[in-house]
Each structure stands twice: as C-alpha cells, then as structure tokens.
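**Q** Sharing a structure, written as structure tokens. Questions coming.
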Amino acid sequence: MRHGVVVAALAACSTLAGSFAAFAQTLPNGCTSIADVPAQFSGIQYGAAIQGLFDNFLTNGGTAGCVDCHTNPASTASGHLDLTDGVSWAHLFGVKSYENPNVKYVVPNHPEQSLLFQKVNCDNPQVGVRMPDGFPPGTLSPEQQATIYDWIAEGAPAGTTDGIFRNGFDIRGFAQ
Ligand code: HEC
C-alpha cells in the first residue's frame, strides 16, 4: 500500500521519478560482509597497508597487483587509474572516477560512498566490474577489504591513521 502511494507520487513527477530510478540503479549489490572483521581503529599505514595491497594482493606467496593493470601513465592505465607507488594516493583522494564523474574513488571518512571500496567489496559496483578484474570474487580477503574500508573511514590519510574520531560501534560494509 505504502509502496503504491510512493510509485503514484513519483509517476506524477517524471523528473523526480527519473532521478529516483537513476539513483536506485547505481546502488552496489553482491557485496561481501566485513562485519565480522575486527575494526582497525588506528595505525593503518598507507604505504605498507594500502599501497602494499595495490602492489601485491596475493596472500599465498604469489605476486599479482592492482598495478599490473593500473600502471602509469594514467592515460593508458585500466580505467585511466594509475595506482603505482608514489602517485596512487593523489589519484584517489577526493578524485572523481574517470568512468563515472558522479562518484569519487575515495570520499574521506565515507567508505560507503567511495568507489575504491565498492570495487573490491561488491560484485556489482556502481561502475564497471569487481576488482581485481580477471580474478574470482574473494581474491581480496574480507580482511583486505576491511583494511581499505577502515583506512577511508579514518579519513584516508597519505600517512598513518590515528582514528581519534571513530567509535567502537561502527557497522561496516554494505552487506549487513
Ligand atoms: C587484470 C587487470 C586489472 C587488475 C589486476 C585490477 N584492475 Fe581495476 N580495473 C581494470 C579495468 C579494465 C578497469 C575498467 C573497467 C571497470 O571499471 O570495471 C578497472 C577499473 C578500476 C577502478 C575504477 C576506475 C574508474 O575510472 O572508475 C578502480 C577503483 C579499480 N579498478 C581498482 C582496482 C584495485 C584496487 C585493484 C587491485 C585490488 C584492481 N583494480 C586490479 C583492470 C584491472
């Protein structure tokens, strides 16, 4: 009943209905729950934890990195996103997606709005496919996905997170 009222109201205003539909389509889905991963409230070092993951995300002793595809220069990198050491942070922090400028790679303090997190957490992110492209879902462990989440939640610094503004009751991820 309530749903019917909402639909009728939206139909009465085609502009609003159009924007509502566009919004609904852009929500990510097929996301991995990271709720059980203990939160890291401080001490995430960008270089070691985040760039380290970009350089090699395998935890089985092998080597495969986001940088294999997201290499320099940005103009030839996959998705025009260069994640190589030394330049990756500046390409992510507050930067609009090349593929969809309506979303940003990293919105400081808001992992749920950040395309970088969606791309590793969800089978159907707002833009393109799940990363790392060409690898099965689950290639990035929930712990690795949570590290990206927590780093962004702490403000996504180029150095080390201090976490002073986090509380211990945050519910994390999309799939709760
Ligand atoms: C085998 C190649 C490959 C690997 C490995 C890879 N990517 Fe990608 N990535 C792509 C391609 C191709 C695209 C563009 C299509 C898309 O968005 O799905 C892309 C797009 C992206 C985008 C969106 C770019 C934009 O313009 O909006 C992000 C963010 C991203 N990748 C992050 C990562 C991260 C983080 C990793 C490592 C965990 C990774 N990728 C590993 C190929 C790869």
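The values are calculated or read from the model by the stated rules, or taken from the named source; none is laboratory data. What you see is a predicted model, and the numbers here were worked out from it, not measured in a lab. Every residue, glycine among them, receives a Cβ derived from its backbone with ideal geometry; neighbour counts consider all protein chains shown. The accessibility values were calculated without ligands, DNA or RNA, using every heavy atom of the protein model including side chains. Shrake-Rupley method; radii C 1.70, N 1.55, O 1.52, S 1.80 Å.
**Q** Counting only residues that are at pLDDT 95 or above and farther than 29 Å from Gly163 by Cα, how many does region 135-147 have?
**A** Summing the residues that are at pLDDT 95 or above and farther than 29 Å from Gly163 by Cα in region 135-147 gives 1.
**Q** Looking at (1) at pLDDT below 95; (2) surrounded by fewer than 20 Cβ atoms within 10 Å (Cβ to Cβ); (3) not charged (D, E, K, R), find the lone condition where Pro101 falls short.
**A** Here Pro101 clears every test but (1).
**Q** With the condition kept exactly as written, say whether any residue in region 92-109 is in a helix (DSSP H, G or I) and within 10 Å of the ligand (Cβ to nearest atom).
**A** Checked against the condition, which is being in a helix (DSSP H, G or I) and within 10 Å of the ligand (Cβ to nearest atom), region 92-109 yields at least one hit.
**Q** Hey, among Ile148, Ile152, which residue is in contact with a Leu (Cβ under 9 Å, 6 or more places away or on another chain) and near the ligand (Cβ under 9 Å from one of its atoms)? Explain how you work it out, then say what you get.
**A** Working: Ile152 fails: near the ligand (Cβ under 9 Å from one of its atoms).
That would be Ile148, the only listed residue that is in contact with a Leu (Cβ under 9 Å, 6 or more places away or on another chain) and near the ligand (Cβ under 9 Å from one of its atoms).
**Q** Ok, one more. Kindly establish whether Gly79 is in a loop (DSSP other than H, G, I, E, B) and either small (Gly, Ala, Ser) or modelled with pLDDT of 95 or more (or both).
**A** Criteria not met by Gly79.
**Q** Please go through region 119-129 and give me each residue that is of a type outside the set (A, V, I, L, M) and near the ligand (Cβ under 8 Å from one of its atoms), ordered by number.
**A** Correct list: Lys119, Pro125, Gly128.
**Q** Yes or no: region 142-156 includes at least one residue that is acidic (Asp, Glu), open to solvent by less than 30 Å² (accessible area, probe 1.4 Å) and not in a loop (DSSP other than H, G, I, E, B). Step through it out loud before you land on a result.
**A** Initially, region 142-156 is screened for residues acidic (Asp, Glu), giving 143, 150, 154.
Subset that is open to solvent by less than 30 Å² (accessible area, probe 1.4 Å): 150, 154.
Cutting the leftovers down to not in a loop (DSSP other than H, G, I, E, B) gives us 150.
Checked region 142-156: at least one residue is acidic (Asp, Glu), open to solvent by less than 30 Å² (accessible area, probe 1.4 Å) and not in a loop (DSSP other than H, G, I, E, B).
**Q** Which of the residues belonging to region 73-87 are more than 9 Å from the ligand (Cβ to nearest atom) and surrounded by 15 or more Cβ atoms within 10 Å (Cβ to Cβ)? Reasoning before the result, please.
**A** The initial filter retains those residues of region 73-87 that are more than 9 Å from the ligand (Cβ to nearest atom), namely 73-76, 82, 84-87.
Those that are more than 9 Å from the ligand (Cβ to nearest atom) and surrounded by 15 or more Cβ atoms within 10 Å (Cβ to Cβ): Ala74, Asp82, Thr84.
**Q** Please find, among Gly159, Gly163, Gly138, the residue that is more than 19 Å from Val67 (Cβ to Cβ), over 14 Å from the mean Cα position of the chain (by Cα), within 13 Å of the ligand (Cβ to nearest atom) and not charged (D, E, K, R).
**A** Gly138
**Q** Let me ask something additional. Could you please find all residues in region 41-60 being modelled with pLDDT of 95 or more and out of contact with any strand residue (DSSP E or B) (no Cβ under 8 Å at 6 or more places or on another chain)?
**A** The first filter runs over region 41-60 and keeps only residues modelled with pLDDT of 95 or more, leaving 44-58.
Scanning region 41-60 gives Gly47, Ala48, Ala49, Ile50, Gln51, Gly52, Leu53, Phe54, Asp55, Asn56, Phe57, Leu58.
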